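Accompanying notes for the structure given below.
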């Protein structure tokens, strides 16, 4: 059985990592770009947030982290649009360079301890009591999902969606695809960095390796959400991304309660992604086989 503390922790982390799932929803599903900048952008958000919180500016840390993430996304977009580097390779190049940038932000230290720093969560604790962590992150994830859905309904948002669906048609309509790709990647990585910024103040520490495997975590959450929510309008997909992140953290919490070694979490994440991607294909394959037998018998 999951204790209340473990359940709350799963809900809180699920809402925090939901921002990464929403970021991948924008880049991977809407813009149709496999952005590998995610790992580095997440760590960048952690580094900026921790550094500013230690300096006494915990609230400033969030917009600063988003701005830093947008800069990382713009570099990936420039490599892809200006230098014609494939999207996956462009993300890998930026992610590799961000390792040094993240170390520089943290004062060339592999980690930053925030135990003596005043964080955003410490500021709201007197008002929210035991829910001082859950309520802010739940509101934040819901707010980001709502704003993202509303943005995708604007003219620029529709242009980004069209770029992901059919870039050739968008170019024929005199829309600058380089601009829409840049905006999309900047927004996506700003959300990823925001997630990292919140996590850093949530656990009062930042580490250079915190972003490792973040793409897998985000994809797992996104794909789980797609299986939970039927295909439909953007708000349903965004809601599914948030729910998928919470379910994913719940699965990880159960795995930890089963006393599985922490070293196995990455393998569990990869297995969850593989199952989430493969199950729909397996189901459709079984359906086709059943349909074939029925047709043969009818013949």
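In the condition set (1) more than 14 Å from residue 39 (Cα to Cα); (2) in contact with a strand residue (DSSP E or B) (Cβ under 8 Å, 6 or more places away or on another chain); (3) buried (at least 17 other Cβ atoms within 10 Å of the Cβ), residue 208 is compliant with all but (1). Of the residues 90, 77, 61, 53, the single one that is within 29 Å of residue 204 (Cα to Cα), crowded, with 20+ Cβ neighbours inside 10 Å and within 19 Å of the chain's Cα centre (by Cα) is 61.
The numbers here are math on the coordinates, done by the rules we state, and not lab data. Keep in mind that what you see is a predicted model, and the values were worked out from it rather than measured. Counting neighbours? That spans all protein chains shown, and the Cβs are built from the backbone with ideal geometry, glycine included.
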